1. Let me confirm something: among GLU89, GLU13, which residue is surrounded by fewer than 14 Cβ atoms within 10 Å (Cβ to Cβ) and touching a residue at least 60 places away in the same chain (Cβ under 8 Å)?
2. Taking the condition of being closer than 28 Å to LEU66 by Cα and in a helix (DSSP H, G or I), how many residues in region 7-38 meet it?
3. Quick check on my filter: what residues within region 179-232 are farther than 20 Å from MET44 by Cα, out of contact with any helix residue (DSSP H, G or I) (no Cβ under 7 Å at 6 or more places or on another chain), of a type in the set (A, V, I, L, M) and surrounded by 16 or more Cβ atoms within 10 Å (Cβ to Cβ)?
4. Out of the residues in region 39-54 that are of a type in the set (A, V, I, L, M) and part of a loop (DSSP other than H, G, I, E, B), state the one that is farthest from MET71 (Cα to Cα).
5. All but one of (1) among the hydrophobic types (A, V, I, L, M, F, W, C); (2) part of a loop (DSSP other than H, G, I, E, B); (3) crowded, with 22+ Cβ neighbours inside 10 Å hold for LEU127; which doesn't?
6. Which of the residues belonging to region 66-80 are crowded, with 16+ Cβ neighbours inside 10 Å and under 17 Å from ALA90 (Cβ atoms)?
7. Quick one: what pairs do we get from region 20-45, first residue within 19 Å of MET218 (Cα to Cα) and in contact (Cβ under 8 Å) with a residue 60 or more places away in the chain, second in a loop (DSSP other than H, G, I, E, B) and among the acidic types (Asp, Glu), C-beta under 7 Å, 6+ apart or different chains?
Amino acid sequence: MCGNNMSVPLLAEAVTVSGTERETAVVIFLHGLGDNGHGWADSMSSIRLPYVKYICPHAPRIPVTLNMRMMMPSWFDLMGLSPESPEDEAGIKKAADNIKAIIEHEVKNGIPANRIVLGGFSQGGALSLYTALTSQHKLAGVVALSCWLPLHKSFPQACSSSASQSVAVLQCHGEMDPMIPVQIGAMTSEKLKSFLNPQRLSFKTYPGMMHSSCPEEMAAVKEFIERQLPRV
């Protein structure tokens, strides 16, 4: 890790899967509540492209209201999982700023923003959507797995215009998800279609899949990353 990572707190600790040849693109992938970056770094390794660097940061440990204020890795506080639950607006914005700092760091190190895909699972997917849509940079795409759009009522106003016109989004959801029902994924997809280019959006559901991932989903993720980050 280079010394200048220290100004980007999440980067110093992040799990990084380096490319096996010259890195011309980056995927930043955010884990779900109570998890860490290691599992998703393994998943990314299984679908890796040789010219892509994968960065899987760990969320800070904070008390989570939904889980009786227990301390656990969480990108922001969660009060509930229904679309009408109150939301931790300050925490979501702060978390997005921390992810934007990683994006800035990669851009300064020579990877253009349009060669960066941001993704995540569950709470991490929610944060990746919010971050990409409010970023000043036009990213290559967003991978949003089993998740929702935080602060959904603030969109499209919260969008930075360049991102909102053209970002490609792959949304995937398990049809048997007991934690974040597939209906929430579908509502999120409809919301995104109302202000993004529908041609650039894809919503895939997987029969029998719960709040997890499956090989078919990972194949779709790999295909999306390959399409948005072709070899240069």
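Bear in mind these aren't lab numbers, they're just calculated from the coordinates by the rules spelled out. Just so we're clear, the structure is a prediction, and the values are computed from it rather than from any experiment. In this analysis, Cβ positions are derived from the backbone assuming ideal geometry, glycine residues included, and neighbour counts consider all displayed protein chains.
1. Testing whether each residue is surrounded by fewer than 14 Cβ atoms within 10 Å (Cβ to Cβ) and touching a residue at least 60 places away in the same chain (Cβ under 8 Å) leaves just GLU89.
2. Total satisfying the criteria: 6.
3. Selection gives ILE180, VAL182, ILE184, LEU192.
4. First, pick out the residues of region 39-54 that are of a type in the set (A, V, I, L, M): 41, 44, 47, 49, 52.
Narrowing further to those that are part of a loop (DSSP other than H, G, I, E, B): 47, 49.
Details: ILE47: 32, LEU49: 35 Å.
Among them, the one singled out is LEU49.
5. LEU127 satisfies every listed condition except (2).
6. Answer for region 66-80, where residues must be crowded, with 16+ Cβ neighbours inside 10 Å and under 17 Å from ALA90 (Cβ atoms): SER74, TRP75, PHE76, ASP77, LEU78.
7. none
Rundown of residues vs (1) in contact with a Phe, Trp or Tyr (Cβ under 8 Å, 6 or more places away or on another chain); (2) under 14 Å from SER122 (Cα atoms), yes/no style:
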| site | (1), (2) |
| --- | --- |
| SER154 | no, no |
| ALA168 | yes, no |
| HIS173 | yes, yes |
| ASP177 | no, yes |
| THR188 | yes, yes |
| LYS204 | no, no |
